[in-house]
Amino acid sequence: MKHARLHTPGLLALACLLLAGCVSLPTPQERWRHADTLATAQGWQALPIAADPFELLAYAPRNATPADTLTLYLEGDGFAWLSASMPSADPTPRDPLALRLALLHPGGHAAYLARPCQFADAQKSGCAQRYWTHARFAPEVIDATNRAVDALKQRFGAKELVLVGYSGGGAVAALVAARRQDIRALVTVAGNLDHGAWTRFHRIDALR
């Protein structure tokens, strides 16, 4: 009796690709250094902002000039999942697209704000995994983001804000904007504003 052939050439090729992806996955520290390199090249600096229970990381021009209007770019969900069923160990983005957008902002009256647990060495800091999975839009997340927005607004001496949110950062930006009276405009880039439709489409657990 012949046994079924399990290792077809196609499956072997797929396994090799998956293994190569695992080997080439940058560490959280490497992802952080990548963001630092992008920011430093444009004369921006990292600004840790204490917003209990989190410390959020912002980037802003090293020599920020006062501006009546400040545009804040909020990062997406980052590297939240290894697969549809397996969360990553650290949500720091591999490619911080919102930071790239912020660095292209004309005039320099802009800043970047990461999400909770990103650029924070989530495992060492004890940042709970739920904050980049099912509780990514929890009240404490929005409260902390709102306080960080206050700190950046004060740093620039701004009177009003434009919030630009990428991906899940679009939902965060919308929830923050709903709490404030100083928002001139809300912009989303591939924003996940209907998270119920989003989780159904990707066949992942609903956000709680």
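The values are calculated or read from the model by the stated rules, or taken from the named source; none is laboratory data. Everything numeric in this text was worked out from a predicted model, so none of it was measured. Note that we place each Cβ from the backbone using ideal geometry, even for glycine, and neighbour counts take in every protein chain shown. Calculation scope for accessible area: heavy atoms of the full protein, side chains included, ligands and nucleic acids excluded. Shrake-Rupley method; radii C 1.70, N 1.55, O 1.52, S 1.80 Å.
Things to note:
- Residues satisfying the stated conditions in the stretch 122-136, i.e. crowded, with 18+ Cβ neighbours inside 10 Å and not small (Gly, Ala, Ser): CYS127, TYR131, TRP132, THR133, ARG136
- Scanning the stretch 122-148 for residues that are under 19 Å from ASP95 (Cβ atoms) and outside any helix (DSSP H, G or I) turns up just one, ARG136.
- Within the stretch 89-113, residues that are assigned to a strand (DSSP E or B) reach no partner that is open to solvent by 50 Å² or more (accessible area, probe 1.4 Å) and not polar (S, T, N, Q) with beta carbons closer than 6 Å at six or more positions or on different chains.
- Counted residues, the stretch 195-205 - those being in a loop (DSSP other than H, G, I, E, B) and open to solvent by less than 90 Å² (accessible area, probe 1.4 Å): 1
- Qualifying residue in the stretch 139-155 (condition: modelled with pLDDT of 95 or more, open to solvent by less than 20 Å² (accessible area, probe 1.4 Å) and in contact with a Gly (Cβ under 7 Å, 6 or more places away or on another chain)): no
- Residue check, PHE119 surrounded by fewer than 23 Cβ atoms within 10 Å (Cβ to Cβ) and either touching a residue at least 24 places away in the same chain (Cβ under 8 Å) or not in a helix (DSSP H, G or I) (or both): no
- Beta carbons closer than 8 Å, at least 6 apart along the sequence or on distinct chains, never pair a first residue in the stretch 64-86 that is closer than 24 Å to ARG31 by Cα with a second that is polar (S, T, N, Q) and surrounded by fewer than 16 Cβ atoms within 10 Å (Cβ to Cβ).
- Of all residues making up the stretch 156-189, the number that are in contact with a strand residue (DSSP E or B) (Cβ under 8 Å, 6 or more places away or on another chain), in contact (Cβ under 8 Å) with a residue 40 or more places away in the chain, surrounded by fewer than 16 Cβ atoms within 10 Å (Cβ to Cβ) and not in a strand (DSSP E or B): 1
- Where a residue in the stretch 196-208 is closer than 7 Å to HIS134 by Cβ and its partner, wherever it lies, is open to solvent by less than 90 Å² (accessible area, probe 1.4 Å) and among the polar types (S, T, N, Q), with Cβ under 7 Å and at least six apart: ASP205/THR199; LEU207/THR199
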